[in-house]
Amino acid sequence: MLRPPTNLRTLRLRGRGAESPGDDWYLLLGLAIAGGVQGRALGTRTSSASSSSSVVASAESPTIYIDTYESTIQGNRSQYINSVYNFKAIPFAAAPTGEYRWRHPPHVASWTGVRDATEFAPDCPQPGVSNYSEDCLYLNIWTPDTATLNDVEKNTEGRGIGVVPTNTSSNLPVYVWFYGGRFGSGSASQALYDGAGLAAQGVVVVTVNYRLGALGFLAHPELSANSSSGTSGNYGLVDQQAALHWTNENIASFGGDPSRITIGGQSAGAASVLDHLNSALADDLFEQVIAESGATYPSNPLMGSVAEGYRHLAEAEEQGVSYLTSLNLSNITEAREAPVELFLAGAWLDDDVTYQDTVFANNSVYMAPPLFRPVLDGYVLPATYQEMLERGNHTIAPVLTGGNRDENGATPNPGLSVASYTAQNAYEFGSVGLADEFFALYPAGDSNRSADVASNTFYQDQTRVSVWRWANEYVAGSSYNTSGNGTYQAYTYYWTHAPPGQDEGAYHMSEINYAFNNLYATDKPWTEADYAIADTLSSYWVNFIRTGNPNGGGLPYWPANCAENPVMMEVGDAWEPIEVASKEKLQFMDRWFSNWPVY
């Protein structure tokens, strides 16, 4: 559990921001108590992710020799938890610029001297960010300071530099994280994803940048024709797979076990890890999956709106041609020569035709997905989600996945009236002959509040049933897999805790701070209850990362998903299995799902 009483106050001060000399002193004092800092000033680093041979190695600035590059990097201690080392802005691929814009990323060249790895790299290009660069394919690593590091620089003199590890071996489990952001925004450097909280519990944490928007997901006939696969459009996913190759090859140098890699993400990041679950290109690159707000039943009508949706290649290529034409670019050569700023606004473009001419067109819950998102290309993504589920033609791995109470249509304040609730749902469910059954199960009541509750109840039921049904098919399909890996379990959850200081409830992404156990990194009015929830949730996550099973360490028992037992684990405000939905609602939801296109 990561709440040592000696530095709890200092972590809170750090989250609020130290605004007085007294606060600075308490912060330094708390870190000194927690891990032996002696007068080291914080927040004064000014170096960038560049090479420097003048860096002096010490226990405060650990060095690691990366064999694949035959080069050395130097990190430092976490600014939040002194018992954790972090290494930032490690290149896993070279800049995807010039001829490599919309290609697999090139390999990184070796460097001389010791590369400073104490500052984050620029974000990948996206709107609303000032510090961005196409040279953005970097990852960050947090590891316990007790881990065995590959800290010997191999040179003709045989001189060793760096930290002498306190262990003789580590083999720690590894957690590789892909951020969310509708495939158009996000960054591995966000404080929300700080990995020190999990690293302090014995996990090597890796966060990864990947290309976004048009730069990450443009498909075009020219690109496809000049690709060895005959496809285009999934460059952001390919970046992630390149980072997984790098992690497999190098994570042992940071104390990690390359045979125990869990990939995780939330929203678009969750969609990404599920795409890698289905992609033959990611075979053998990971062993387990955590998908937060991720797995969605392929015929849930919300599928077109959530991050897990995709485009077909021919459609995506047509959209790519139209997009370049809108920028007055006539071909890919011109597009590769254009300034990167020309493509930033593409991240905000929506695929407006997804719900056009459907009964969902005027329902704000079914929002248009981003235009630039993954492509069902037959190469990176080989077949539809339903096909992959049914035939088990995917990586067979333990999966932990779930959803949040106030997402996918549910919100604390829907703002409905009895009339608006009745009209919208009579139209949608009446279109497939299910209106009477819908209103029997989810009656509007006689007030605006009762209509709001009915709406939330439906969307919350839909989320739970969707996740549970997906898990059932995943486990069933895995039994048909011929890889010899056997059948693995899925663990499903329903997050119910609303973080303090906001009125959006248990909103989309609200569980992330708790799962990372990094409340210290985000400025919210955290309470003792929040710290306790973070301790428990992160302990489940760490157990799963270690073993493929969230149970252990005296935590309340979390049953594996079971087709014969419609329950999932409530996490957050309670820690117990809850009913997915009543038998009548399960049957109704199955009939509802059966009317819509299958992804």
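It is to be established whether one or more residues within the stretch 584-598 are under 23 Å from G265 (Cβ atoms) and not hydroxyl-bearing (S, T, Y). No, the stretch 584-598 contains no residue that is under 23 Å from G265 (Cβ atoms) and not hydroxyl-bearing (S, T, Y).
Inside the stretch 529-538, can you point out the residues that are within 18 Å of the chain's Cα centre (by Cα) and of a type outside the set (A, V, I, L, M, F, W, C)?
Step one: filter the stretch 529-538 for residues within 18 Å of the chain's Cα centre (by Cα), giving 534, 537-538.
Once the filter is applied, which keeps residues that are within 18 Å of the chain's Cα centre (by Cα) and of a type outside the set (A, V, I, L, M, F, W, C), the stretch 529-538 yields only S538.
Results for (1) over 27 Å from Q201 (Cα atoms); (2) hydrophobic (A, V, I, L, M, F, W, C), shown as yes or no for each residue.
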{"residue": "F87", "(1), (2)": "no, yes"}
{"residue": "I90", "(1), (2)": "no, yes"}
{"residue": "A109", "(1), (2)": "yes, yes"}
{"residue": "A121", "(1), (2)": "no, yes"}
{"residue": "P127", "(1), (2)": "yes, no"}
{"residue": "S130", "(1), (2)": "yes, no"}
{"residue": "S133", "(1), (2)": "yes, no"}
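Checking each residue of the stretch 527-547 against the condition of being at pLDDT 95 or above, in the same structural domain as W495 (by TED's automatic domain parsing) and on the phi > 0 side of the Ramachandran plot gives no match.
Take the conditions (1) at pLDDT 95 or above; (2) out of contact with any Phe, Trp or Tyr (no Cβ under 7 Å at 6 or more places or on another chain); F360 misses just one of them, which is (2). I need a count of the residues in the stretch 96-126 that are farther than 25 Å from N234 by Cα, hydrophobic (A, V, I, L, M, F, W, C) and in contact with a Gly (Cβ under 8 Å, 6 or more places away or on another chain). Qualifying residue count for the region: 1.
Within the stretch 195-233, track down each residue that is within 19 Å of T146 (Cα to Cα) and either not in a strand (DSSP E or B) or not β-branched (V, I, T) (or both). The answer is G195, A196, G197, L198, A199, A200, Q201, G202, V203. Among the residues of this structure, N408 counts as one that is touching a helix residue (DSSP H, G or I) at 6+ places or on another chain (Cβ under 8 Å), modelled with pLDDT of 95 or more, not assigned by TED's automatic domain parsing to the domain that holds T496 and not in a helix (DSSP H, G or I).
Flag not set for N393, criterion: in contact (Cβ under 8 Å) with a residue 12 or more places away in the chain, polar (S, T, N, Q), crowded, with 17+ Cβ neighbours inside 10 Å and within 17 Å of V465 (Cβ to Cβ). Could you tell me whether the stretch 547-564 includes any residue that is touching a strand residue (DSSP E or B) at 6+ places or on another chain (Cβ under 7 Å), under 14 Å from R464 (Cβ atoms) and not basic (K, R)? Yes, that holds for at least one residue.
In the set (1) surrounded by 24 or more Cβ atoms within 10 Å (Cβ to Cβ); (2) at pLDDT below 95, the condition left unmet by S293 is number (2).
Does any residue of the stretch 317-340 turn out to be within 17 Å of P597 (Cα to Cα) and in contact with a helix residue (DSSP H, G or I) (Cβ under 6 Å, 6 or more places away or on another chain)? No, there is no match, as no residue in the stretch 317-340 is within 17 Å of P597 (Cα to Cα) and in contact with a helix residue (DSSP H, G or I) (Cβ under 6 Å, 6 or more places away or on another chain). So is T496 surrounded by 22 or more Cβ atoms within 10 Å (Cβ to Cβ) and under 29 Å from P559 (Cα atoms) or not? Considered against the rule, which asks whether it is surrounded by 22 or more Cβ atoms within 10 Å (Cβ to Cβ) and under 29 Å from P559 (Cα atoms), T496 comes out as no.
Against the test of being touching a residue at least 24 places away in the same chain (Cβ under 8 Å), out of contact with any Phe, Trp or Tyr (no Cβ under 8 Å at 6 or more places or on another chain) and outside the structural domain of D67 (by TED's automatic domain parsing), the options S224, S279 yield a single qualifying residue, S279. Restricting the stretch 418-427 to residues that are out of contact with any Phe, Trp or Tyr (no Cβ under 7 Å at 6 or more places or on another chain) and surrounded by 14 or more Cβ atoms within 10 Å (Cβ to Cβ) leaves a set whose member that is farthest from S447 (Cα to Cα) is Y427.
Which residues, taken from the stretch 504-517, are in a loop (DSSP other than H, G, I, E, B) and either within 12 Å of the chain's Cα centre (by Cα) or within 20 Å of T463 (Cβ to Cβ) (or both)?
Initial filter on the stretch 504-517 (in a loop (DSSP other than H, G, I, E, B)): 504-506, 508-511, 517.
Once the filter is applied, which keeps residues that are in a loop (DSSP other than H, G, I, E, B) and either within 12 Å of the chain's Cα centre (by Cα) or within 20 Å of T463 (Cβ to Cβ) (or both), the stretch 504-517 yields E504, G505, A506, H508, M509, S510, E511.
Got a sec? Which of Y520, Y488, Y480 is assigned to a helix (DSSP H, G or I) and more than 18 Å from V306 (Cβ to Cβ)? Unique residue meeting the criteria: Y520.
Matching residues to (1) outside the structural domain of V467 (by TED's automatic domain parsing); (2) of a type in the set (S, T, Y); (3) under 30 Å from T358 (Cβ atoms); (4) surrounded by fewer than 16 Cβ atoms within 10 Å (Cβ to Cβ):
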{"position": "Y488", "(1), (2), (3), (4)": "no, yes, no, no"}
{"position": "G501", "(1), (2), (3), (4)": "no, no, no, yes"}
{"position": "Y507", "(1), (2), (3), (4)": "no, yes, yes, no"}
{"position": "A521", "(1), (2), (3), (4)": "no, no, no, no"}
{"position": "P550", "(1), (2), (3), (4)": "no, no, no, no"}
{"position": "G572", "(1), (2), (3), (4)": "no, no, no, no"}
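Within the stretch 523-542, the set of residues being in a loop (DSSP other than H, G, I, E, B) and buried (at least 17 other Cβ atoms within 10 Å of the Cβ) comprises just one member, W526.
Inspect all residues belonging to the stretch 313-326 and state whether any of them is charged (D, E, K, R), surrounded by fewer than 18 Cβ atoms within 10 Å (Cβ to Cβ), touching a Pro at 6+ places or on another chain (Cβ under 7 Å) and under 27 Å from S431 (Cβ atoms).
The first filter runs over the stretch 313-326 and keeps only residues charged (D, E, K, R), leaving 315, 317-318.
Then keep just the ones that are surrounded by fewer than 18 Cβ atoms within 10 Å (Cβ to Cβ); that gives 315, 318.
Next, only the ones that are touching a Pro at 6+ places or on another chain (Cβ under 7 Å) stay: none.
Within the stretch 313-326, none of the residues are charged (D, E, K, R), surrounded by fewer than 18 Cβ atoms within 10 Å (Cβ to Cβ), touching a Pro at 6+ places or on another chain (Cβ under 7 Å) and under 27 Å from S431 (Cβ atoms).
Residue check: S582 meets all listed conditions (1) free of Cβ contacts under 8 Å to residues at least 60 places away in the same chain; (2) surrounded by 13 or more Cβ atoms within 10 Å (Cβ to Cβ); (3) among the small types (G, A, S) but one, namely (2).
Sort through A307, A316, A242 and tell me the only one that's out of contact with any Lys or Arg (no Cβ under 8 Å at 6 or more places or on another chain), touching a residue at least 60 places away in the same chain (Cβ under 8 Å) and closer than 30 Å to P550 by Cβ. Let's see the steps before the verdict.
On the way: A307 fails: out of contact with any Lys or Arg (no Cβ under 8 Å at 6 or more places or on another chain); A316 fails: closer than 30 Å to P550 by Cβ.
Criteria check complete, one pass: A242.
Of the residues making up the stretch 340-361, those that are of a type in the set (A, V, I, L, M) and either over 19 Å from W102 (Cβ atoms) or in the same structural domain as R182 (by TED's automatic domain parsing) (or both) are V353, V359, A361.
Given the criterion modelled with pLDDT under 95 and not hydroxyl-bearing (S, T, Y), identify the matching residue among N140, N150.
Exactly one of N140, N150 is modelled with pLDDT under 95 and not hydroxyl-bearing (S, T, Y), namely N150.
Does L192 meet the test of being surrounded by fewer than 22 Cβ atoms within 10 Å (Cβ to Cβ), hydrophobic (A, V, I, L, M, F, W, C), touching a residue at least 12 places away in the same chain (Cβ under 8 Å) and closer than 26 Å to L342 by Cβ? For L192, the condition - surrounded by fewer than 22 Cβ atoms within 10 Å (Cβ to Cβ), hydrophobic (A, V, I, L, M, F, W, C), touching a residue at least 12 places away in the same chain (Cβ under 8 Å) and closer than 26 Å to L342 by Cβ - is not met. Tell me, please, whether a residue that is β-branched (V, I, T), in contact with a helix residue (DSSP H, G or I) (Cβ under 6 Å, 6 or more places away or on another chain) and at pLDDT below 95 can be found in the stretch 47-65. Yes, the stretch 47-65 has at least one match.
The values are calculated or read from the model by the stated rules, or taken from the named source; none is laboratory data. Worth saying up front: this structure is predicted, and the values here are computed from it rather than measured. Using ideal geometry, Cβ is built from the backbone for each residue, glycine included, and neighbour counts are taken over all protein chains shown.
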